[in-house]
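Everything below concerns the one structure shown next.
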Amino acid sequence: MQRSPEESRRGGSPGEPARQSSIGPVTDSAAAEEARRLLEGAVDALPEGRLAEQLGEDRPLKVKFGVDPTSPDIHLGHCVVLMKLREFQDAGHVVVLIIGDYTARVGDPSGRDTTRPVLSREELEANARTYEEQAFTVLDRDRIELRHNSEWLAMESDEWFEVIRRFTVARLLERDDFTRRMEREEPISALELLYPVLQGYDSVAVRADVELGATDQRFNLLFARDVQESFGVPQQSILTMPILVGTDGTRKMSKSYGNHVGVTDPPAEMFGKLMSIPDEAMGDYYRLLLRRELDPGHHPADAKRELARALVGRFHGAAAAAAAEDRFDRVHVRGEGPEDVGEARVEASGPNRAVHLPAVLGEHFGLSRSEARRLIDQGGVRIGGRVLEAGRFDVPGEELHGEVLQVGKRRHARVRVSGRG
C-alpha cells in the first residue's frame with residue numbers, strides 16, 4: 001500500500017514535543033465550511049481534505065469511536081473526544097460507539113510502557129454498562145449506534161488467520177510504544193502486537209467513514225485505514241484530539257494515576273478537584289472543556305472557580321455547583337467542618353468489637369481494600385480530624401462511633417457503629 005508521508009509519520013505520546021498540526025486548508029464550499037467547524041480544536045485530520053470530501057457527499061457519516069471498558073468511569077479527559085463526537089451528532093451524523101469487550105481482553109498498548117492487566121469477563125461487562133450510561137451525559141443517545149466488538153471478533157481460527165496474514169510484523173512494530181519497550185528490553189505480548197489489527201477490523205465491520213481518538217491513538221486510527229483497504233472497504237478519515245493533563249498537571253488524566261475528575265464524582269468532590277489544578281494547566285482546561293481561551297488577566301483562583309462552577313453545573317446542575325462552592329469555602333477557606341456530612345453505618349464485627357477500616361472505605365467511599373490500606377499508610381485518612389497512623393487498619397468501635405471519617409481532602413462521613421458493646 002502506498003501511504004503519504006504525512007500518514008506514515010508516527011503518532012506522539014504525552015510529554016513528547018508537540019507536532020505541527022496536519023490540518024490543512026480546505027476549499028471554500030458548504031462542505032468545507034462544515035469541515036472547518038468540525039475540525040476546530042483537533043490536532044490531526046488525515047488524509048488532508050478528506051473530511052470535506054466526505055461531507056460533500058451529502059449523507060450522514062458514520063463516525064466511529066471505540067473504547068475498551070477497562071475502567072467503569074468516564075473522566076473529563078474522555079470528554080474532550082466525546083464533546084467532538086457530540087458536534088458531529090449535532091451536525092446530523094451518526095456516532096458508532098464501539099464497546100471493546102473483546103479488545104479489552106487483549107489490552108491496548110497505546111501510551112503504555114507495560115502490558116495492561118486483563119480483567120475478568122464479569123468486570124468488563126459491569127464496566128461497559130457503567131461506561132455506556134456515563135457517555136450519555138455528553139452524547140445524544142438517539143443518534144448513537146451502540147455496538148460491541150465481540151459481535152465480529154469472536155470468530156473461528158481460520159477466519160482469524162485470514163485477517164492476520166494481511167499485515168507484517170515490521171509494520172506493527174512501527175509504533176513508538178513498542179520501540180521504546182524493545183529498546184529497554186521489556187516484553188511485548190503477541191496479543192498486544194495484534195491489537196491494531198483487531199481495532200482496525202472494527203472499522204471494517206461497521207464501515208466507518210470517520211474515526212476519532214486522542215493523539216495517543218494516532219497509530220491505531222491510521223492503521224485501521226490499512227485494514228479497511230485490505231478488505232476493499234472505503235477508507236475512513238481520522239481526527240485526533242488533544243490529551244487533557246490530569247489534576248497533577250504532569251501526566252494525562254487517568255484513574256490509574258489518581259489524577260482524574262470523574263463525570264459522576266459528587267459535586268463537592270468535583271469542585272474540590274478542579275480547584276486543585278496547577279495554574280499552568282488552566283489554559284488547556286479552558287480550551288479543551290469550555291472551548292474558549294483563558295483570560296490571561298484573570299486571577300488563577302478566580303479562573304479555577306469559574307471553571308469548577310461551569311463543569312459541576314454541566315454535570316450536576318447550577319444549584320449543585322453553588323452548593324459545592326459554598327461547601328468548598330466553608331471547609332477549605334474558613335476551615336470549618338462540612339455541614340452536609342452523610343452517615344456511614346458500620347458493624348463492629350472484628351476482634352474486641354473493632355471495625356476494619358479498609359472494608360468501611362470500600363463500602364462507603366468506593367475504594368478497593370488495597371487502595372484503602374495504601375491511603376491509610378500514606379496518612380490520607382483522618383478520624384475526628386486526627387491522622388490515622390500507618391498500618392492501623394482496625395479501630396475500636398467506641399473510638400470510631402460518632403466521629404467524622406475523612407478520606408483525602410474532600411470526602412467525609414460520620415460513622416455510626418453498631419455492635420460495639
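Could you tell me which of Leu82, Met275, Leu388 has its Cα farthest along the dipole of the chain towards the positive end, charges placed at Cβ (Lys, Arg +1; Asp, Glu -1), taken about the Cα centre?
Value: Leu388.
Any idea what the dipole of the chain comes to, in debye rounded to 20, about its Cα centre with Lys/Arg Cβ at +1 and Asp/Glu Cβ at -1?
The dipole of the chain has a size of about 940 debye.
Can you give me the solvent accessible area of His401 with a 1.4 Å probe, rounded to the nearest 10 Å²?
Ignoring ligands and nucleic acids, His401 comes out at about 60 Å².
On the accessible surface of the chain, probed at 1.4 Å, how many percent belong to carbon and sulfur atoms?
Numbers: 9500 of 19590 Å².
Answer for the chain: carbon and sulfur cover 48 percent of the accessible area.
For Lys84, list the aspartates and glutamates whose Cα falls under 15 Å from its own Cα; do not include residues on the same chain fewer than 8 positions away.
Partners within reach: Glu34, Glu40, Asp44, Asp140, Glu211.
Can you run phi through the Karplus equation (6.51, -1.76, 1.60; θ = phi - 60°) for the range 277-292 and list ³J(HN,Hα) in whole Hz, with x for Gly and Pro?
Whole-Hz 3J(HN,Hα) from phi for the range 277-292: 5, x, 4, 5, 8, 4, x, 5, 4, 5, 5, 8, 10, 9, 6, 8.
Sorted by mean Cβ packing within 10 Å, highest first, what order do the peptides 221-233, 75-87, 317-329, 181-193 take? Write out the running numbers ahead of the final one.
Details: 221-233: 19.8, 75-87: 21.5, 317-329: 16.4, 181-193: 12.5.
The packing order, highest mean first, is 75-87, 221-233, 317-329, 181-193.
Between Leu367, Leu194, Leu405, which gets the highest mean-square fluctuation from a Gaussian network model of the chain, Cα cutoff 10 Å?
Leu367
Can you give me the long-range amide H partners of Leu388? Hydrogens built in the peptide plane at 1.01 Å from N, cutoff under 5 Å, separation of 5 or more residues or another chain.
Sorted by chain and number, the residues that satisfy this are Val381, Arg382, Ile383.
Going through the cross-link list Lys62/Lys273; Lys62/Lys304; Lys252/Lys304, which pairs have a Cα-Cα distance over 29 Å in this structure?
Those over the limit are Lys62/Lys273; Lys62/Lys304.
Tell me the label only: which of (i) 35, 23, 21; (ii) 36, 26, 20; (iii) 43, 27, 19 is semi-axes √(5λ) of the Cα gyration tensor in Å as calculated from this structure?
Correct label, based on the coordinates given: (iii).
What list of ³J(HN,Hα) couplings, whole Hz, do you get for the range 400-414 from phi and the Karplus terms 6.51, -1.76, 1.60, once you set θ to phi - 60° and write x for glycine and proline?
8, 4, x, 8, 8, 8, 10, 10, x, 9, 10, 10, 9, 7, 8
Tell me which aspartates and glutamates have Cα within less than 16 Å of Lys409's Cα, excluding those fewer than 8 residues away on the same chain?
Asp248, Asp265, Glu269, Glu325, Asp326, Asp329, Glu336, Glu339, Asp340, Glu371, Asp377
With springs connecting C-alpha atoms under 10 Å apart, model the chain as a Gaussian network and identify which of Thr168, Thr137, Thr264 has the largest mean-square fluctuation.
Thr168
Given Cα pairs under 8 Å that are at least 6 residues apart, what percent is the relative contact order of the chain?
Reported relative contact order: 14 percent.
Skipping prolines and chain starts, which residues have an amide H placed within reach, meaning under 5 Å, of the one on Ser237, given they are 5 or more residues away or on another chain?
Long-range HN contacts for Ser237: Val210, Glu211.
Between Val263, Val210, Val395, find the one with the highest GNM mean-square fluctuation for the chain; connect C-alpha pairs within less than 10 Å.
Most flexible of the set in this elastic network: Val395.
The values are calculated or read from the model by the stated rules, or taken from the named source; none is laboratory data. Since we're looking at a predicted model, the values are computed, not measured. So basically every Cβ, Gly included, is an ideal-geometry build from the backbone, and we count neighbours across all protein chains shown. Keep in mind that these areas ignore ligands, DNA and RNA; they rest on the heavy atoms of the full protein, side chains included. Shrake-Rupley method; radii C 1.70, N 1.55, O 1.52, S 1.80 Å.
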